[in-house]
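Novice: A single structure is presented below for examination.
The values are calculated or read from the model by the stated rules, or taken from the named source; none is laboratory data. Nothing here was measured: the structure is a model prediction, and the numbers come from that model. Note: ideal-geometry Cβ built from the backbone for every residue, glycine included; neighbour counts use all protein chains shown. Heads up: the accessible areas ignore ligands, DNA and RNA and are worked out on the full protein's heavy atoms, side chains in. Shrake-Rupley method; radii C 1.70, N 1.55, O 1.52, S 1.80 Å.
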Amino acid sequence: HNLEMKHLPGADPELVLLSHRYEELERIPLSDMTREEINQLVQELGFYRKKMPDAPVPEEFQFAPARPMPTLPPQQAPTADSKIPPEHYEGEHPDL
């Protein structure tokens, strides 16, 4: 759950961890790892493995895996002079 594989011909395999805002957190090279080591790494990072492709994901894993979402400071309401509409604060992805 929440793991997507993209095959890039000619590129060395690596695991790219993204934040909930799709910002890159870390890149982990996978070239020297066996399949078992990669499976163990993914499990240690907190990814949930479904027993069947269409199986439901437990609530505690819905927003997993790798790291808990950082605690963000509360956003301040825009002032009358502000040019940012309230629904789109700087750095916020419109779909989140």
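Novice: Rolling a 1.4 angstrom probe over the protein chains, ignoring ligands and nucleic acids, what is the accessible area of residue 44 in square angstrom, nearest 10?
Specialist: Using a 1.4 Å probe on the heavy atoms, I get roughly 130 Å².
Novice: Turning to a different aspect of this structure: Ignoring ligands, DNA and RNA, what accessible area per residue does region 6-47 give at 1.4 Å, in Å²? Numbers along the way, then the final one.
Specialist: Numbers: 3370 Å² over 42 residues.
Per residue, region 6-47 has 80 Å² of solvent-accessible surface.
Novice: Write down the radius of gyration of region 1-40 and its Dmax, each obtained from C-alpha positions, in Å.
Specialist: In order Rg, Dmax, the Cα atoms of region 1-40 give 11.1, 30 Å.
Novice: For 20, 7, give the ranking by accessible area with the largest first, probe 1.4 Å. Walk me through the numbers before you get to the answer.
Specialist: Working: 20 60, 7 145 Å².
These residues rank, largest area first, as 7, 20.
Novice: With a 1.4 Å probe and all protein chains in place, put 57, 16 in order of accessible area, largest first. Present the calculation step by step, with values, prior to reporting the outcome.
Specialist: Working: 57 25, 16 55 Å².
Largest accessible area first, the list is 16, 57.
Novice: Let me ask something else about it. Assuming R0 = 35 Å, what is the FRET efficiency of residue 28 and residue 54, from their Cβ-Cβ distance, to the nearest 0.05?
Specialist: Numbers: r = 29 Å, r/R0 = 0.82.
Efficiency for this residue pair is about 0.75.
Novice: Right, something else. Rolling a 1.4 angstrom probe over the protein chains, ignoring ligands and nucleic acids, what is the accessible area of residue 21 in square angstrom, nearest 10?
Specialist: For residue 21, the solvent-accessible surface is approximately 60 Å².
Novice: May I pose another question? Give me the percent of the accessible area of region 2-57 that comes from carbon and sulfur atoms, probe 1.4 Å, all protein chains in place.
Specialist: On the way: 2520 of 4880 Å².
The C+S portion of the solvent-accessible surface of region 2-57 is 52 percent.
Novice: Something else now. From largest accessible area down, sort 52, 5; use a 1.4 Å probe on the protein chains.
Specialist: Values: 52 115, 5 165 Å².
The ordering from most to least exposed comes out as 5, 52.
Novice: Let me ask something else. What does the C-alpha gyration tensor say about the overall shape of region 14-61? Classify as rounded when a/c is under 1.5, otherwise prolate if a/b is larger than b/c, or oblate. Walk me through the intermediate numbers first.
Specialist: Details: a/c = 2.59, a/b = 1.22, b/c = 2.12.
Oblate.
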